[in-house]
Amino acid sequence: MTRAEQPTAHTSAPDDSLVADSRERAVRALLRVPQLRRLWSAQLVSGVGDALALLVLVLLALQAAVSDGSFGGGYRGVALAVSAVFGARILATLLFGAVLLGPLTSLTAQDGPLDRRWTMVGADGVRAVLLIIAPLWIDWTPENALAVLLVTAFVIGVAERFWTVCRESAAPALLPAPPLEGATVRPLPDHMDALRRLALRTGFVAAPLAAAVLVVAGLLNNLLGAGLAWFDQHQAALASYVSAGLFAASLSVLTFLELPDVRTPRARSPLEGLRRPRTGSGIDKGRTGAIPLLVLACAAVAGAVAAAVAVAVLHAKDLGGGPVTFGLLVLAVTGGVVVGIRTAPKLLPSLSRRRLLALAIAFTGIALLATGLVPDVTTVLLIVGLAGIGAGIAANTGHALLDQEAEDYRRARTTEHLHAVVRVFVAVGVLVAPLVAAAIGPHRLENGKFVFAHGGAAFTLMLVGALLLPVAALVLAKADDRSGVPLRHDLRDALRGGDDPVQAPTDAGFFIALEGGDGAGKSTQAEALAEWIRAKGHEVVVTREPGATPVGKRLRSILLDVSSAGLSHRAEALLYAADRAEHVDTVVRPALERGAVVVSDRYIDSSVAYQGAGRDLSPTEVSRINRWATDGLVPHLTVLLDVAPETARERFTEAPDRLESEPAEFHARVRSGFLTLAAADPGRYLVVDAGQEPESVTTVIRHRLDVVLPLSEAEIKAKEEARKAAEEEARRKAEEEAARKAEEERLERERQEQLARLRAEEEERKRLELEEAQRREAERQAEEARQRAEAARVRAEQEKARQLAEEKARAAEEERRRKQAEEEARLRAEAEERRLEKQRKAEEALVRAEEARRAAEAAAAVAAANTASAAAAASARAAAASSPSGGAASVTSAPVSSAPSGGAGSGQAAGGSGSVSPDTGDSGSARPDNGGPDNEGPDNESTVQTPMVTPTNASGGPVDETAVLPPVPPQDARPAAGSRAGSVGGPGAGSVGGSAGDETAVLPQVPQPPQGAADETAVLPPVRPEPAADETAVLPPVRDERGRGPEDRVPPGYGTGAGTGASDGGTRELPQVDAQGRPRRRPRSDWAEETPLDDLPTLADELLGPRDDDERDEGNGRRRR
C-alpha cells in the first residue's frame, strides 16, 4: 500500500520504534500505540465474551429443550434447539452485517448520530445484562424459555455487529502516521495490512480462550453445585455470569478510550468479496488455475471444523458429559486449529505445499471419522485435537498457496474472497450439522459382546470426515505439482530432514536472486534492476549461475551442452552445487561483505526445482546439498518470474540448450517446484507474472525493493545532508519563528493595550449610549403615558357623545313610536267606527229582511194549518168509517191554536222568534214531499248568518213554555215550496240559540184512511211556493240585559268569507272561541299551501268591509290584504 492509499488519520509524531521491517513485527508494533492497544484489549476481551456467550446459550437452549420437550422432545428436539440458536445468531449477523450495513455505517459514521465509543459501550452493556438474566428464564418461564433464549441470541448478535462496525471504523484513526519522506526505515510498514492481520488473529484466538473459560467456569459451577442446589440445576449459570463480566471489563476499557474525530474507511461486510475476483480476461483463476480449488479446499476444512463445534454439545451429551466436556471438545478443536496455523510454515518445509494441503485435509477427515467411532472421552479429546491441528495446517497452507497464485496487487481481493467463502461454509456447517444429527438420531447395534451405540452427533462427525476425504483426493489430483513422483518418497524425505547449516541472509549488503523457468526474462530484469539500483547509489554486482566464475564457465559448458544429454541426474545436481559453492565463495559473499547489492540470475531454488521437481531426485536431498555448498546463505529477496512453459518457449531466439530441450512436462514440473518453494516461504519470495511486459515486471519488482532495499551510502549521506540541511533550516526557521514570536508578542502586547483602550472607550461609549437610551426610554414612556391619557380622554368624550347620541336617538325613536302608535290607534278607531257603522247597517238590513220573512212565514203557516186541519178531518172520517183499528196507522195531530198576527210582532219587539226549527231545516221552506219539479227550491236561496240572540220560544216568551203554532191554512192558502216549514212561535221551531229545540212540536192530526185502505199511501196536496219565498227577513238588532248588541257577541272574523250555500246546501262551521273570548283558528295543515285565492275578498268583506292591513291572521300568522 502506498502512502496515498493510507487512511486519513490524526497526525502524530513518527516513532521509529513503531515502524517494523516485517509483517510480524509490524503487527507487534501496532500494539505499542497506547490507544490502539487499549482498543485491541477491549476487542480481545469482548471477543472472548461473545464466543463464551454463544457456547452458554447453546447449553441453556439444550437444558430448556430437555426440560420442556421442545420440537417434539427427545434427541431430535434437542438437536433442533441447538440449530435454532446458531440460526438466530447467523440471522442477526446476516441482517445487520450485510443487508443493513449501509444504514448502520451511516449511523456510526463521523457525522452520524451515534458516537462510536458510546455505541460500543452500550453494546457491551446490553450483552452483559442479557447474559445475567439468561439462566433465570428457565425458572421464570419454563414453557417459553427456549423462545426467549433464541431472542437473546439474536439481540446479542445484533449488539456484536454494532460493536464490530464501530471498531472497524474507529481503529484506522488510531494507526500511527507513516514515516516521513526519506526516512531511513526499510521496509516501509503497511499499517492497514497489519491491522487486518491483528483482527484476524484475535478472532482465531477468541474461540479457544472462550472454550477454556467455559471449562474453568464449569468446574467451579460443579463445586458450587455441591453446596447450592440452584447451581447444580443450572450448570451453565456461572459461565453466563463470567461472560457478562467479560463484557463489563470491555465496557470499562472502552469508557476511557479516546477516539479521534476523523473520517475513516467504512466497515466492510462479512460477505463482501463473495464473488470471484475478475481480471480483464475473465474470472481470476491464478497463475496455475488452482484458485477455485484452493478456495473450495480451505472452505471445506473450515466448514468441517464448524460442524464439529456445532455438534460438540450433542456429542458430549452422548458421551455422558456436561458443560465441561463440551468446553473441552470445543477447546480441542479450536485450539488445534490455532496450533496448526502457527506450526504449518515450519512443518516439512521441503515437502510440496500442495501435497501437504492434501495430506492435511485427509488427516483432518480421518481424525473426525475416528472421533465419531471412538466412545471414550479421553481418546475423543485427543483425536479431536489432532483433527483441529490438521485443519489449521490445511488452512495456513491453502492461504499460502493462494497468495502464491495471485499477484501482489490482486492478493488482497483473493484473500477477501477466501474469507467470504469460508464464512459462508462456517455458517452452513453450524446450521446444518445439528439438523443432520437430528435427522439421523441415536442408533444402537448389538452383535454378541460387540455393542455399537452412538448418537446422531457421532454419525454426523463420521459423515463430515468422510466428505473431507474426496476433497483431499481432488486437491491431490488437480493441484499436484509433483506428478510422477511417488508421494511416499517425498513424505519420507521430508520426515527424515538432516543436519543442515542454519540458513540466514548476511548482515551486510543485499542479496537478490532471480528465479524462474527458461525464457522467463531473468537476464532482462537483472540488467534493468542493476541500472535502477546503481542510480540509487548502491554498488551492484550482477552475476549468474552457472558460469559466473572460471570454474563455473567450464561447468556451464558441461551442464548446458547438448552433447551431455546422458549426464546422470545426481551428477547434474552435484555439478550445479559445485558451481554454486565456487560462485558463493568467490563472487557473492565478498560483494555482500563490502555492502554491495548482488543480483544473481538463479540460485539454490533453481537446483531444487530442476533437479528435485523436474528430475526424479528428492527435493529435500537437493536442497540439503546446496545449503551445505553455500553454507546456509540465502537471499534477502527471491524474485520468482512465473511464466507458462508455452509462453517461455516462444521467447527463445537461439538454439535451445540441454535443459531448454526438455519436454513440456519437465518444465511444468519445474514451474510447480518453484511455486512450491515460494509458498513455503512467502515472506522471502516475490512471485511476479512474467507473462506481461518487461516494464511492468520491473515496476512490480521495484515496488517491493522500495520496501525492503536498504538505503545506499550515497542515499544515507544525501539523507544525512538533507537532515542537516533540514536541521539548519529548522534552526533558522526556529530563530525566525522565535523572532517572529517575539515580534508577535510585542505586537500582541500593543494590540492588547490598544484593545484595552478601545474596550474602555467602548465601555464609556456604551455607558453614554445606555444613559441616553434610558433617558429616551423615559421620555418615550412619558410620551406614551401622555398619549394613553389623551387617548383615554378622547375615548371618554367619544363615549359620552355616543351615549348622548344614543339617548337622543332613543328619545326620537320613542317619540316616533308613540306618534306611530297614536296614529295607528286613531286609524284603528276610525276603521272600527266604519266597521261598526257597516255592521249596524247590515244588521238593520238583516232585521228588515227577517221581519219580511217572518210575515210571509206566518201567512204560509196559517194556510198550511187550515189545509192540514181539513185533510186531517177528512182522513179521520175516512178512518172511522173503514175500521176502528185503522187509527193505529193514522197520524194523530193535536189541534193547535194559531197565534194572532200580532204575536209575531210582539215576538219581534221582544227580540224572540225568527229562528227556524231544527225539524224544518235551515232553508226557510218546508221540506218537500216525495218531490216533484214543483217542490224544488229556487237556485238563489241562501241563508244569512244571524247574530247571537237570547233564546225564546216562537211567541217571544221563555224557552221553557210551549210555543203555540198557528193553524195550518187550507191547501189553497199554503205558502210556496220555498218558504220555511216551521211556523213562528212553534214550540222549538224558531227560537235562536235557545233550548226550545228539545220540545216536541204537536203536529196536526192526519185524516184516517178509509176502512181497508190502511196500507195505502195518502196523497197529499201539492205545496206551491210563495212568491216571496226567496226573500230574507231583516231582523231588528237584539241587545241583552247589559246593553251589548250582536256586534259585541259576534267573535272577530265571524261571517267573513262565508259562502251562500246556494246549490250545495252546505253549512258553515261555527267559530271556536277560547276562554278569553278570542276566536281560535284551526291551524293550517302542513300539506296545505297558501295560494293567491286566500287573499280574495269574501262576502263578509263585501258586507262588513275589509279588515286592517296590519291585522294578522291568528291561525296561520299571515297578513290579510
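Could you count how many residues in segment 661-701 are hydroxyl-bearing (Ser, Thr, Tyr) and in contact with a strand residue (DSSP E or B) (Cβ under 7 Å, 6 or more places away or on another chain)?
Counting residues in segment 661-701 that are hydroxyl-bearing (Ser, Thr, Tyr) and in contact with a strand residue (DSSP E or B) (Cβ under 7 Å, 6 or more places away or on another chain) gives 1.
Of the residues that make up segment 283-304, is at least one among the small types (Gly, Ala, Ser), modelled with pLDDT under 90 and within 30 Å of Arg116 (Cα to Cα)?
no
Among Leu373, Leu369, Leu348, which is assigned by TED's automatic domain parsing to the domain that holds Met462 and within 15 Å of Thr397 (Cα to Cα)?
The conditions single out Leu348.
List the number of the failed condition for Ser600; all other conditions in (1) surrounded by 22 or more Cβ atoms within 10 Å (Cβ to Cβ); (2) part of a helix (DSSP H, G or I); (3) small (Gly, Ala, Ser) hold.
The number of the failed condition is (2).
Output the residues belonging to segment 105-120 that are crowded, with 21+ Cβ neighbours inside 10 Å and not polar (S, T, N, Q).
Arg116, Met120
Of the numbered conditions (1) polar (S, T, N, Q); (2) touching a strand residue (DSSP E or B) at 6+ places or on another chain (Cβ under 8 Å); (3) surrounded by fewer than 19 Cβ atoms within 10 Å (Cβ to Cβ), Thr586 satisfies every one except a single condition; which is it?
For Thr586, the exception is condition (2).
Only one residue in Ala453, Ala457, Ala439 is touching a Lys or Arg at 6+ places or on another chain (Cβ under 6 Å) and more than 23 Å from Arg353 (Cα to Cα). Which one?
Values: Ala457 fails: touching a Lys or Arg at 6+ places or on another chain (Cβ under 6 Å); Ala439 fails: touching a Lys or Arg at 6+ places or on another chain (Cβ under 6 Å).
Of Ala453, Ala457, Ala439, the one residue that is touching a Lys or Arg at 6+ places or on another chain (Cβ under 6 Å) and more than 23 Å from Arg353 (Cα to Cα) is Ala453.
For segment 266-282, enumerate the residues that are in a loop (DSSP other than H, G, I, E, B) and at pLDDT 80 or above.
Ala267, Arg268, Ser269, Pro270, Leu271, Glu272, Gly273, Leu274, Arg275, Arg276, Pro277
Read through the list (1) surrounded by fewer than 19 Cβ atoms within 10 Å (Cβ to Cβ); (2) within 30 Å of Val66 (Cβ to Cβ); (3) at pLDDT below 95, then give the number of the only condition that Ala477 fails.
It is condition (2) that Ala477 fails.
Kindly indicate the residue of segment 173-195 that is assigned to a helix (DSSP H, G or I) and surrounded by 19 or more Cβ atoms within 10 Å (Cβ to Cβ) and also modelled with the lowest pLDDT among those meeting that condition.
Only one residue tops the list, namely His191.
Quickly run through segment 284-298 and pick out the residues that are in contact (Cβ under 8 Å) with a residue 60 or more places away in the chain and part of a helix (DSSP H, G or I).
Ile291, Leu293, Leu294, Val295, Leu296, Ala297, Cys298, listed by residue number.
In segment 810-824, is there at least one residue being touching a residue at least 12 places away in the same chain (Cβ under 8 Å) and out of contact with any Gly (no Cβ under 6 Å at 6 or more places or on another chain)?
yes
If the Cβ limit is 8 Å and pairs must be 6+ apart or interchain, which residue in segment 48-63 that is not assigned by TED's automatic domain parsing to the domain that holds Ala128 pairs with which residue that is modelled with pLDDT of 95 or more and in a helix (DSSP H, G or I)?
none
Among (1) farther than 30 Å from Leu592 by Cα; (2) not in a loop (DSSP other than H, G, I, E, B), there is one condition Val639 misses while meeting the rest; what is its number?
Only one criterion is unmet by Val639, namely (1).
If you scan segment 364-402, which residues turn out to be among the hydroxyl-bearing types (Ser, Thr, Tyr), in contact (Cβ under 8 Å) with a residue 40 or more places away in the chain and within 29 Å of Gly320 (Cβ to Cβ)?
Of everything in segment 364-402, those that are among the hydroxyl-bearing types (Ser, Thr, Tyr), in contact (Cβ under 8 Å) with a residue 40 or more places away in the chain and within 29 Å of Gly320 (Cβ to Cβ) turn out to be Thr364, Thr371.
Would you point out the residue of segment 513-561, among those that are of a type in the set (Ser, Thr, Tyr) and at pLDDT 85 or above, that is surrounded by the most Cβ atoms within 10 Å (Cβ to Cβ)?
Thr543
For Thr653, which of the numbered conditions (1) touching a residue at least 12 places away in the same chain (Cβ under 8 Å); (2) over 26 Å from Ser483 (Cα atoms); (3) β-branched (Val, Ile, Thr) fails to hold?
So the condition that Thr653 fails would be (1).
Before we move on, is Thr343 under 52 Å from the mean Cα position of the chain (by Cα) and part of a helix (DSSP H, G or I)?
yes
Show me the helices (runs of 4 or more DSSP H) found entirely inside segment 507-592 where at least 3 residues are among the acidic types (Asp, Glu).
Result: 569-583.
Answer yes or no: is there a residue in segment 299-319 that is without any contact (Cβ under 8 Å) to a residue 12 or more places away in the chain and charged (D, E, K, R).
So the first thing to find is which residues in segment 299-319 are without any contact (Cβ under 8 Å) to a residue 12 or more places away in the chain, and the list is none.
Looking through segment 299-319, none of the residues is without any contact (Cβ under 8 Å) to a residue 12 or more places away in the chain and charged (D, E, K, R).
The values are calculated or read from the model by the stated rules, or taken from the named source; none is laboratory data. Everything quoted here is computed from the prediction, not taken from an experiment. Virtual Cβ from ideal backbone geometry, glycine too; neighbours counted across all protein chains shown.
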